[in-house]
1. What is the list of residues in the range 1-34 whose amide nitrogen lies under 19 Å from a point 7 angstrom out from the Cα of residue 154, following Cα to Cβ?
2. Ignoring everything except DSSP H segments at least 4 long, calculate the 222 nm mean residue ellipticity for the chain; use -39,500 (n - 2.57) per segment, divide by total residues, nearest 500.
3. R0 = 30 Å: FRET efficiency of residue 95 with residue 26, Cβ-based, nearest 0.05?
4. Per residue, how much accessible area does the chain have with a 1.4 Å probe, in Å²?
5. Given a 1.4 Å probe and the protein chains all in place, what does the accessible area of residue 87 round to, in Å² to the nearest 10?
6. Please compute the contact order of the chain in relative form: average sequence separation of alpha-carbon pairs under 8 Å and at least six residues apart, divided by the residue count, as a percent.
7. Apply the Karplus curve 6.51 cos²θ - 1.76 cosθ + 1.60, θ = phi - 60°, to the phi angles in the range 100-109 and return the couplings in whole Hz, x for Gly and Pro.
8. Which of the lysines could a cross-linker span from residue 71 if the Cα-Cα distance has to be under 22 Å and same-chain partners fewer than 8 positions apart are dropped?
Amino acid sequence: MDPRIQRRVQRYGWDRSTPHYERSWDKQLQPARDLLFEMAALRPGESVLDLACGTGLVSFPAAEAIGPSGKLLGTDISDAMIEVCRSRAAEREVSHTGFERMEAEELRFEEETFDVILCGLGLMYVTDFLGSIREMHRVTKPGGRAVSAVWGKRDRCGWAEIFSIVDRRVSTDVCPLFFQLGTGETQQTWFTQAGFENVRTERIQTLLEYESDEEACAAAFAGGPVAMAYSRFDETTREAAHAEYLESIESFRNGNGYGIPGEFVVTAGERNSRT
């Protein structure tokens with residue numbers, strides 16, 4: 001798929017998923033965020049870019065960590081998610097934050113702008129992995145650091161069949177290399193190729209817990225990257241897709257709900273203070 005078209009699909013897909021996203025994924029993604037913050041070691045007064053900020057699940061805890069003497073800017077491809085962040089910042093009177101719609105492949109910032117770059121489960125969706133990581137390096141100050149969390153290997157993510165289930169029903173190529181960054185040492189290797197030093201990676205397993213068939217399907221179809229394609233399904237197609245997905249996660253059933261295995265890979269690197 002043409003990268004421009006793929007980014008457009010991502011943009012409008014995440015717009016559609018915005019009302020469902022946090023309800024479906026907030027608790028489930030917490031272990032990845034905890035490790036992201038541990039490896040980032042944010043300090044008061046730092047300037048932070050939250051890349052692919054979504055609805056602010058990383059942004060607002062980061063803003064609290066750096067305090068009012070710091071500055072946080074969140075960017076995302078989705079207008080709807082940016083509007084959620086702006087509204088929350090206003091409601092909470094968090095004045096040291098800002099949010100802009102922007103694509104990770106081309107960051108509209110001067111070189112050496114931020115002390116820390118954070119990306120919580122966003123890099124899997126970009127059209128140019130290495131190019132986006134190079135952009136992260138470009139806007140990191142000398143001596144600064146970047147941390148990215150992605151999903152792990154496909155065979156360690158029990159919900160992974162959602163992509164093929166959707167693709168069989170509507171022609172889409174939302175994120176053809178979704179699991180690539182989480183496979184082996186790929187993300188760590190590309191951090192190094194982009195220029196980061198002292199690069200390190202941690203890999204953790206988790207369980208995505210949902211209390212019912214309805215919750216599991218809402219997360220997989222309406223609250224994630226296939227939301228745009230899913231919106232084109234008629235009711236019959238939706239019912240068939242739900243049934244196939246539930247069959248794919250049946251082995252993870254726990255009573256009326258599910259405990260679906262997942263894996264997160266978090267990589268951190270530093271920009272050489274001499275460059």
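The values are calculated or read from the model by the stated rules, or taken from the named source; none is laboratory data. Keep in mind that this is a model prediction, so the values were computed, not measured. We place every Cβ from the backbone using ideal geometry, glycine too, and count neighbours over all the protein chains shown. The accessibility values were calculated without ligands, DNA or RNA, using every heavy atom of the protein model including side chains. Shrake-Rupley method; radii C 1.70, N 1.55, O 1.52, S 1.80 Å.
1. 1, by backbone N distance to the label point.
2. On the way: 9 runs with 108 residues, N = 275.
Helix contribution divided over all residues of the chain: -12000 deg cm²/dmol.
3. Working: r = 24 Å, r/R0 = 0.81.
Result of the calculation: an efficiency of 0.80.
4. Details: 12180 Å² over 275 residues.
I get 44 Å² per residue for the chain.
5. 60 Å²
6. Working: 543 pairs, mean separation 66.8, N = 275.
Relative CO of the chain lands at 24 percent.
7. Along the range 100-109, the couplings run 9, 6, 7, 9, 5, 6, 8, 7, 8, 10 Hz.
8. Candidates past the 8-residue exclusion: 141.
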